[in-house]
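Remarks on the structure that follows.
The values are calculated or read from the model by the stated rules, or taken from the named source; none is laboratory data. These figures come from a predicted structure and were not determined experimentally. Here the Cβ is made from the backbone with ideal geometry for all residues, glycine too, and neighbour counts use every protein chain on show. To get the accessible areas, we keep the full protein, side chains included, count just its heavy atoms, and leave off ligands, DNA and RNA. Shrake-Rupley method; radii C 1.70, N 1.55, O 1.52, S 1.80 Å.
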Amino acid sequence: MIRLEGMTKVLRDRNGAQRVLFDGLDLAFRDDVRSVAVLGRSGSGKSTLLRILAGLDLRYDGTYVADGRQVSRQPSAAARFRREKVGIVTQHYDLLEDRNVLRNVLLGVEVRGVPGRRVDRKASVARARECLELVGLGGFERSRVNTLSGGEAQRVAIARAIAKDPEIILADEPTGALDEGTEEDILQLFARLQRDGRHMVVATHSETVAQHCDVRLLLTGGRLVSVE
Amino acid sequence: MSEVLIDLRRNVVPISVKVVVLALFFLIVATVASFATSVSSAISSAFSEETEVDLFGVVDTLTDPDAFYAFRQSTRSIQQLGAFYDGLNTSDDLTLLSAFDQQIPVQDFRGGDEFDPGYGNELSLTDEYVDATSGSVVEDVRAMQMNRQALEFYDIEVASGTSIDWGTVDYPGGKVPVLLGSAYEGVYQVGERLSGSLYLRPMEFEVVGILRQGSAMFYKGEMNTYLDSAMIVPYPESLTEIGSLDQEFLGILSFAMINADVASGGGTGFDGVADELRQISMRTGFEDYSLIGVPTYLIQFGLMRQLIVDNRGLLVVVLALLAGGVACAGTFVSLHLRARRRPAASVLWTLGWSFPRIVRLQRRLWMVEYVAVGALFALGLPLLPGVGPGAFLATLALMVVWFVVDGLVQHRLLVGAVFAVPGGRS
C-alpha cells in the first residue's frame, strides 16, 4: 500500500545548523495491514513523517510510492494525491470557526470539485450528513464549532477527513488533547473506519493508541524499528 | 464563491477599514496633487520674480473744495488734466493702473443683496430709491471702473462671452460694454443691457462677458480685492479724444481716472517714475499731482509668494508623512487580514485544494477590496473642489501601482501562510 525507500530528511535552523531527521528511512506495509502506529518521543519526526506521507512536506530525498505509483514532489501533483487519496486528522482538529459543523465537513466533500463545474450542492450536503452520522454526530449540523467538546470536535475533523472517501487516513496525535473516555470512543471509531476498508497511519506517543493498530513502529535514530 | 462570502462576512470590519483608509488616502492625494500643480502654475506665471514691479500712487493735490470746484469750471484745466492722463496712459516707461470702485445705480436690478456695495463689509445695505436724474427706481450695485492696462495687468479674464472691445466704449453716446463678476451667472446673460448711470450721467451697460470665478486685483492696499460680485466698467481709452461730454461729468470722470497706481519695471525706482511724471506734467501743463510710494503692494506680493512656496514645501512634507502613515496603516490591516485568513488557507491546502485554486480565491477577495476602494473614491471625487485632469490621472496611476504592490504582497503572505509547513513549495 505505502512504501518509503531511503527517505532522508535534513532540517536547517536559522543559524544554518543541520539536523538529520530521517537517515535512509524505509517503510512498507501491505494492503492487509489496516493500521500502522508510529511511536516516538517528541521531536523524533513523527509529524514530519506524516506530512511527507500527506504530500505536505516535499523537501526530502528518497522514494515515496503509494498504491503502486510514485508520489510526485511537484506541489500540484502532491495536492492532487492528497485530494484524492488522503484524509488528515490532527491533534488540534483544525476546524474553521467562521462556519458551522456541516460547512466544515462540506469542505472535505467539495475539495474534489472540478474547477469551472458547479458542485451538486444537494449531493454534497447529503454526503456530509452521512459522514456526520457515521461518526455519531447526526443532528450537530448547525452547531458552531466553538460550542463542541474536544471529542465532538475531533469527530467532526474525522468526518471531514473521510468525506472525500480517502483510501488512507493520516492521524497525527488524534487523541492527544482528549481524556481517556473520549480517546476510547475515537479509537472505536477508527476501528470502524478500518473495517470499512481504509488504511490508517497514526503518529502517537500513546501506548493505548498504538495497541489498537495492526503494526507498531518506533521512530528512533532517524529510522523506523518494528515494535512487538 | 461561498468561500468569498464567508470571508467577507467574517472580515467585514478589517476590510471596511482598509477600504475607507485607502479611499480617503487617494482622495487626499488627488486634492493635494491638484493644489500643488495649480500652485506651481501660478508661481511660474503670476508669482515669478519676473512679475515683480514697483507700484506707486498718483493723486491730485486739489484737496481744497473751492480749488477743486474752480478747477473743474475751467475748460483749459480739464483739458490739461486729460492730456496728463493720456500722457501717463501712453507712457512707455510706466503702466497706468487706473481703477475706482464707484457704485452704479441700475434700474430694475435682478440681483440680490450680494451685489450691494455694503454687502460683506461694515457698510449698511442700500435700498431701492428714485434716481433724481432719470426719475426711475434704481438700486446701487458694486462696480469697479478701470482702464485697459489695469484689466490686463491684473489678468482679469472672462469665463464666458468676450472681454472688453475698447473700440466700443462710447461715453458721449452713453453706451459702454461691461463685464460682470462670476456671481452674476444665472442673473444676467451675455448680451443683456442694464440701464443705469455713472456720476449722474445716464448710461446703457451691455453685458459682454462673465468673469472667471475668483478674479481679483490689488486695490487700496488690499492684495486680493475680489470681483465676483462686481460690474467692471471700462474707462475711456483717452480723455483728450473722448468726444463731446459736458464739462461737469468730464471733470468728475477725469479726476476719478487720474487717481491711480503707476507700475514700473524693476530698476526704475521712485526717482525714475517721478522724473517721467514731471516730464509729462511739463508737456501738458497739469501740475496738481503728487506721487506716493506703495511699498505695501510689493511687500504683500513678496510675502504671498513666499507663503505659497513655503506652504507648497510644507504640503509635500505633510503628504509624505500622511502617505507613510497610511501605508503603515494599510500594511497593518493587510497583515491582520492575512492572519485572519491564514487558518482557512492552511486547511484548504491540507485538504488538497491546489495552490492555483487558493490563489484564485485570494484574487477574488483582493478584487472585491479594491473595487470597493475605487467605488468609494469615485463617489468622493465629485465632492472635492476642482481636481484637475493631471492630478486625477496621477492619482489613478498611483492607485494602480498600489493595487499591484498590495496584490504582490498579499500573494507573498499567502505563500508563507499556506506553505508554513516546512518543505512545501519547491
Output for region B:219-271: GluC sites (Glu not before Pro) sitting in coil per DSSP, at most 16 other Cβ within 10 Å, listed by number, reads B:Glu237, B:Glu241
May I ask which residue of B:Gln145, B:Tyr188, B:Tyr289 lies farthest towards the positive end of the charge dipole of region B:53-295, with charges of +1 (Lys, Arg) and -1 (Asp, Glu) on Cβ and the Cα centre as origin? B:Tyr289
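Would you please give the FRET efficiency between B:Gln189 and B:Leu125, computed as 1/(1 + (r/R0)^6) with r the Cβ-Cβ distance and R0 = 35 Å, to the nearest 0.05?
For B:Gln189 and B:Leu125, the calculated efficiency is 0.90.
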Starting from the amide H of B:Ser160, placed 1.01 Å from N in the peptide plane, find each other amide H under 5 Å away whose residue is 5 or more places distant or on another chain. B:Ile210
Roughly how many nanometres apart are two label points built 7 Å out from the Cα toward the Cβ at B:Glu206 and A:Asp120? 8.6
Taking chain B as a Gaussian network, Cα atoms linked when under 10 Å apart, which of B:Pro105, B:Pro234, B:Pro382 shows the biggest mean-square fluctuation? B:Pro382
In degrees, nearest 10, the alpha-carbon axis of helix A:101-110 is tilted away from the dominant principal axis of the alpha carbons of chain A by 60
How big is the B/A interface in buried accessible area, both sides summed, 1.4 Å probe, to the nearest 100 Å²? 2100
Chain B - accessible surface per residue (Å², probe 1.4 Å): 48
Taking a threshold of 22 Å on the Cα-Cα distance, which of the pairs A:Lys9/A:Lys46; A:Lys46/A:Lys164; A:Lys122/A:Lys164 fall above it? A:Lys46/A:Lys164
Test item: B:351-363 mean partner chain Cβ contacts at 10 Å: 5
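Taking the Cβ-Cβ separation of A:Ala177 and B:Ala397 as r and a Förster radius of 51 Å, what is the calculated FRET efficiency to the nearest 0.05?
Result of the calculation: an efficiency of 0.45.
When DSSP beta bridges are limited to those with both residues in the protein assembly as shown, what percentage is antiparallel, rounded to the nearest 5?
Working: 58 of 87 bridges.
Rounded to the nearest five, the antiparallel share is 65 percent.
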Given charges at beta-carbon only (K, R positive; D, E negative), |dipole| of region B:53-295 in Debye: 380
Under the helix-only model (-39500 (n - 2.57) for each DSSP H run of 4 or more, divided by the residues of chain A), the mean residue ellipticity at 222 nm, to 500 deg cm²/dmol, is -10500 deg cm²/dmol
Suppose accessible area is computed on protein heavy atoms with a 1.4 Å probe; arrange A:Cys213, B:Cys328 from highest to lowest. B:Cys328, A:Cys213
In the protein assembly as shown, if the dipole is taken from +1 on Lys/Arg beta carbons and -1 on Asp/Glu beta carbons about the Cα centre, which of A:Leu50, B:Ile78, B:Val178 is farthest to the positive end? A:Leu50
For a quick check, take a GNM of chain B with Cα springs below 10 Å and name the residue from B:Ala274, B:Ala99, B:Ala260 with the largest mean-square fluctuation. B:Ala274
Hits for chain B under the membrane-span-like helix rule (DSSP H, Cα axial span at least 15 Å, Kyte-Doolittle mean at least -0.5) are B:12-45, B:75-89, B:247-258, B:269-284, B:295-351, B:355-380, B:389-418
Mean residue ellipticity at 222 nm from the helices of chain B, using -39,500 (n - 2.57) per DSSP H segment of n ≥ 4 over the full residue count, to the nearest 500 deg cm²/dmol? -17500 deg cm²/dmol
Using the crude model of +1 on Lys and Arg Cβ and -1 on Asp and Glu Cβ, and no other charge, please compute the dipole size for region A:74-228 relative to its Cα centre, in debye to 20. 1100
Let me confirm one metric for peptide A:52-59, namely the mean number of other chain beta-carbon atoms within 10 Å of its residues' beta-carbons. 4
Quick one: work out the % antiparallel among DSSP beta bridges in chain A, nearest 5. 55
For peptide A:75-81, what's the mean number of Cβ atoms from other chains within 10 Å of each residue's Cβ? 5
Which residues does a label at B:Ile6 reach in region B:314-353, if reach means a backbone N under 16 Å from a point 7 Å past the Cα toward the Cβ? B:340-353
Net dipole in debye of the protein assembly as shown [+1 Lys, Arg Cβ; -1 Asp, Glu Cβ; about Cα centre; nearest 20]: 7460
Round to the nearest 0.05 the FRET efficiency obtained for A:Ala77 and B:Leu379 when R0 = 56 Å and r is the Cβ-Cβ distance. 0.75
Compute the acute angle (0 to 90°) between the alpha-carbon long axis of helix A:121-134 and the principal axis of greatest extent of the alpha-carbon atoms of chain A; round to the nearest 10°. 70
So between A:Arg192 and A:Ser226, what do we pick up on full extension, going 0.36 nm a residue minus the alpha carbon distance? 9.8 nm
Output row, site A:Val33, 7 Å Cα→C-beta label point, backbone N cut-off 14 Å, window region A:195-228, residues A:199-203, A:213-219, A:224-228
Three-way shape call for region A:39-172 based on the alpha-carbon gyration tensor, with the a/c threshold at 1.5: oblate
If you roll a 1.4 Å probe over chain B with all protein chains in place, what percent of the accessible area is carbon or sulfur? 59
Pairs of Cα atoms under 8 Å, at least six residues apart: use those to get the relative contact order of chain A, whole percent. 30
Using 7 Å Cα-to-Cβ label points, what is the B:Asp271/B:Asp101 separation (nm, one decimal)? 3.6
Using Cα atoms only, what is the angle between the long axis of helix A:150-162 and the major principal axis of chain A, expressed in degrees (0 to 90) to the nearest 10? 80
In the Gaussian network model of chain B, springs joining C-alpha atoms below 10 Å, which of B:Leu322, B:Leu239, B:Leu55 carries the largest mean-square fluctuation? B:Leu322
Taking the Cβ of A:Thr208 as the center, what net charge do the other residues with Cβ under 11 Å away carry, scoring Lys and Arg +1 and Asp and Glu -1? -4
